[in-house]
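Asks: The structure's right below; bear with me while I get my questions together.
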Amino acid sequence: MTTDTTTQVLITGSGPTGLTLACDLTLRGVGVRVLEQRSGPHRESRGKGLTPDGLEVLARLGVEERLAAVGSHAPVLRKYFDGAHVTDTPADGGGLLIGQWQVEQVLRERLAGLGVRVEYGARVSGLAQDPAGVTARLADGREMRAAYAAGCDGGRSTIRELLGIPFEGYTEEKPTMVVGDVRAPGLSRAYWHQWFSSEGGGILLCPMPGTDTFQLQAAPETDADGEPLPPTPEGFQRLFDRYAGIPGIRLEEAGWLSSWRVNVRRAARMREGRVLLAGDAAHVHPIAGGLGMNTGIQDAAALARTLAAALAGPAPAEVLDGYEAERLPVAERLLADTAARHGRVLAAVREPGRGTEAGMR
Ligand SMILES: Cc1cc2nc3c(=O)[nH]c(=O)nc-3n(C[C@H](O)[C@H](O)[C@H](O)COP(=O)(O)OP(=O)(O)OC[C@H]3O[C@@H](n4cnc5c(N)ncnc54)[C@H](O)[C@@H]3O)c2cc1C
């Protein structure tokens, strides 16, 4: 067993939630380790917006200038209907457009500057607790010990499963969207292009700052039985040709393609003894409004404050209870709010000139 007496909090997951927690705790003088199952950092745009609330948390970690240097204000939303340009809508909200991988990179660099490096190839597969601490078992057989552990390991959280915490809510049976990163030489990068069709469906291409790529979101292609097909580079091109109909633009794959389905779920509890959940591990919901990564970042800030107080004070159990009391109602509201925003976007895009702005409030 690897016994590291300086580890006070063992963090599973190096997404935006785990990295925010790690930076915040380290700045508070708490010893952390960050375990990540991936073999290295990814470059997927995924959560592409920081809201003012998310930015406020990250500014306290000292990365505001770095984020501002990488990201940009959201571009004008350009809406097309049945192939014709209808309206341009200014983006609002005062946030920052930035790829999730870039947010993670900025946080990882901040963490490294504080002396902590993410440990890659470290998949947590087992967990045991006793009155003095937590022991995590890794898939490669190593064991690690800490006073507390945080599950920041995403929607399919192993930690949540190991704790036996139900993930309550619903998952739609079929994927409703294909997503990915593409290059689109010749397409203007001044706009977030949103093409919709009177027959339903559409395709969106958002230019990602600091790259030559766009984040693509589209209704999936379907087979002869109406079943959604998985994303492929050729499928992205067919969808682009069908909805955008701009001859001569050839999409080039840029490393990420995935399917997305509606999930509206939250953990029944955010704590089991000395182990606490944050971010997507505790709540998943529609992406309308762009609140997932931002809520995880805010969970992390609340969890850092809680764990630092629990480590320093005489009554840790009472302090730890405060985290769930503060964040579970936020998760509950988030699920209802984003499901409503998702419904508004689906209704709006049937009208010429409307698009994702319908989900921003
Ligand atoms: C197309 C799309 C657009 C989106 N747009 C937005 C947006 O505009 N704004 C927004 O706020 N959110 C957005 N989101 C949501 C956002 O991506 C998620 O909410 C965010 O990734 C959650 O961060 P997290 O750190 O909690 O989890 P994750 O990012 O999922 O990170 C979890 C990490 O844990 C690791 N891990 C998992 N299991 C283990 C294990 N057993 N051991 C070790 N490591 C493990 C994973 O490899 C991963 O690196 C979007 C998502 C998608 C797909």
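Asks: Mind checking which residues of the range 331-350 are surrounded by fewer than 17 Cβ atoms within 10 Å (Cβ to Cβ), touching a residue at least 12 places away in the same chain (Cβ under 8 Å) and either more than 29 Å from Thr87 (Cβ to Cβ) or aromatic (Phe, Trp, Tyr) (or both)?
Replies: Result: Glu332, single match.
Asks: Follow-up question, since we're still on this one. For the range 162-179, which residues satisfy the criterion of being within 21 Å of the chain's Cα centre (by Cα) and on the phi > 0 side of the Ramachandran plot?
Replies: Gly169
Rundown of residues vs (1) closer than 24 Å to Ser258 by Cβ; (2) surrounded by 15 or more Cβ atoms within 10 Å (Cβ to Cβ), yes/no style:
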| residue | (1), (2) |
| --- | --- |
| Gly40 | yes, no |
| Arg46 | yes, yes |
| Thr51 | yes, yes |
| Val70 | yes, yes |
| Arg78 | no, yes |
| Asp82 | no, no |
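Asks: Of all residues in the range 211-245, how many are under 23 Å from the mean Cα position of the chain (by Cα) and either within 16 Å of the ligand (Cβ to nearest atom) or polar (S, T, N, Q) (or both)?
Replies: 13
Asks: I've got another one for you. So in the range 26-64, with the set limited to residues that are of a type in the set (Gly, Ala, Ser) and under 18 Å from Val9 (Cβ atoms), which one is farthest from the chain's Cα centre (by Cα)?
Replies: Of all residues in the range 26-64, those of a type in the set (Gly, Ala, Ser) come to 29, 31, 39-40, 45, 47, 49, 54, 59, 62.
So of that shortlist, the ones also under 18 Å from Val9 (Cβ atoms) come out as 29, 31.
Details: Gly29: 27, Gly31: 25 Å.
Only one residue fits best here, namely Gly29.
Asks: Among the residues of the range 120-135 satisfying the criterion of being assigned to a strand (DSSP E or B) and within 9 Å of the ligand (Cβ to nearest atom), which is nearest to Ala301 (Cα to Cα)? Reasoning before the result, please.
Replies: Within the range 120-135, the subset assigned to a strand (DSSP E or B) is 124-130, 133-135.
Right, trim to within 9 Å of the ligand (Cβ to nearest atom) and you get 124-125.
Details: Val124: 23, Ser125: 26 Å.
Only one residue fits best here, namely Val124.
Asks: Within the range 6-23, is even one residue more than 7 Å from the ligand (Cβ to nearest atom) and modelled with pLDDT under 95? I'd like the intermediate steps shown before the answer.
Replies: First, pick out the residues of the range 6-23 that are more than 7 Å from the ligand (Cβ to nearest atom): 6-11, 19-23.
With modelled with pLDDT under 95 added as a condition, the list becomes 6-7.
Looking for residues that are more than 7 Å from the ligand (Cβ to nearest atom) and modelled with pLDDT under 95, one finds at least one in the range 6-23, hence yes.
Asks: Report, by residue number, each residue of the range 85-108 that is without any contact (Cβ under 8 Å) to a residue 60 or more places away in the chain, exposed (fewer than 13 other Cβ atoms within 10 Å of the Cβ) and out of contact with any strand residue (DSSP E or B) (no Cβ under 9 Å at 6 or more places or on another chain).
Replies: Passing the criteria: only Gly94.
Asks: Here's a check for you: in the range 141-153, which residue that is over 13 Å from Leu35 (Cα atoms) and in contact (Cβ under 8 Å) with a residue 12 or more places away in the chain is farthest from the ligand (Cβ to nearest atom)?
Replies: First pass over the range 141-153, keeping only residues over 13 Å from Leu35 (Cα atoms): 141, 147-148.
Checking the rest, the ones that are also in contact (Cβ under 8 Å) with a residue 12 or more places away in the chain come to 147-148.
Numbers: Ala147: 19, Tyr148: 16 Å.
Step by step, filter the range 141-153, then rank; the result is Ala147.
Asks: If you don't mind, another one. Which of the residues that make up the range 158-176 are of a type in the set (Asp, Glu) and either surrounded by 14 or more Cβ atoms within 10 Å (Cβ to Cβ) or closer than 14 Å to His283 by Cβ (or both)?
Replies: Applying the first criterion (of a type in the set (Asp, Glu)) to the range 158-176 yields 161, 168, 172-173.
Listed by number, the residues that qualify are Glu161, Glu168.
Asks: Which residues, counting only those in the range 273-304, are more than 17 Å from the chain's Cα centre (by Cα), more than 22 Å from Gly164 (Cβ to Cβ) and touching a residue at least 60 places away in the same chain (Cβ under 8 Å)?
Replies: Matches in the range 273-304: Ala304 only.
Asks: Among the residues of the range 316-327, is there at least one that is in the same structural domain as Gly47 (by TED's automatic domain parsing), within 16 Å of the ligand (Cβ to nearest atom), within 22 Å of Pro166 (Cα to Cα) and in a helix (DSSP H, G or I)?
Replies: Scanning the range 316-327, I find at least one residue that is in the same structural domain as Gly47 (by TED's automatic domain parsing), within 16 Å of the ligand (Cβ to nearest atom), within 22 Å of Pro166 (Cα to Cα) and in a helix (DSSP H, G or I), so the answer is yes.
Asks: Would a scan of the range 135-142 turn up a residue that is surrounded by 15 or more Cβ atoms within 10 Å (Cβ to Cβ) and either within 19 Å of the chain's Cα centre (by Cα) or among the charged types (D, E, K, R) (or both)? Quick ask: steps written out before the conclusion?
Replies: Initially, the range 135-142 is screened for residues surrounded by 15 or more Cβ atoms within 10 Å (Cβ to Cβ), giving 135-138.
Those left that are additionally either within 19 Å of the chain's Cα centre (by Cα) or among the charged types (D, E, K, R) (or both): 137.
Yes, some residue in the range 135-142 is surrounded by 15 or more Cβ atoms within 10 Å (Cβ to Cβ) and either within 19 Å of the chain's Cα centre (by Cα) or among the charged types (D, E, K, R) (or both).
Asks: Can you name every residue in the range 177-210 that is small (Gly, Ala, Ser) and surrounded by 23 or more Cβ atoms within 10 Å (Cβ to Cβ)? Spell out the reasoning first.
Replies: Taking the range 177-210 and keeping what is small (Gly, Ala, Ser), we get 180, 184, 186, 188, 190, 197-198, 200-202, 210.
Hits for the range 177-210 are Gly180, Ala184.
One line per residue, one yes/no per condition, for (1) closer than 30 Å to Glu199 by Cα; (2) out of contact with any helix residue (DSSP H, G or I) (no Cβ under 7 Å at 6 or more places or on another chain); (3) in a loop (DSSP other than H, G, I, E, B); (4) not basic (Lys, Arg):
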{"position": "Thr20", "(1), (2), (3), (4)": "no, no, no, yes"}
{"position": "Thr26", "(1), (2), (3), (4)": "no, no, no, yes"}
{"position": "Glu44", "(1), (2), (3), (4)": "no, no, yes, yes"}
{"position": "Asp88", "(1), (2), (3), (4)": "yes, yes, no, yes"}
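Asks: Going by the conditions given, is Leu27 touching a strand residue (DSSP E or B) at 6+ places or on another chain (Cβ under 7 Å) and either of a type in the set (A, V, I, L, M) or assigned by TED's automatic domain parsing to the domain that holds Gly296 (or both)?
Replies: Working: touching a strand residue (DSSP E or B) at 6+ places or on another chain (Cβ under 7 Å): no; either of a type in the set (A, V, I, L, M) or assigned by TED's automatic domain parsing to the domain that holds Gly296 (or both): yes.
Here the answer is no, as Leu27 does not meet what is asked.
Okay, residues lined up against (1) more than 27 Å from Leu27 (Cβ to Cβ); (2) at pLDDT below 95:
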site: Arg266; (1), (2): yes, no
site: Arg269; (1), (2): yes, no
site: Ile287; (1), (2): yes, yes
site: Thr295; (1), (2): no, no
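The values are calculated or read from the model by the stated rules, or taken from the named source; none is laboratory data. Everything numeric in this text was worked out from a predicted model, so none of it was measured. So basically every Cβ, Gly included, is an ideal-geometry build from the backbone, and we count neighbours across all protein chains shown.
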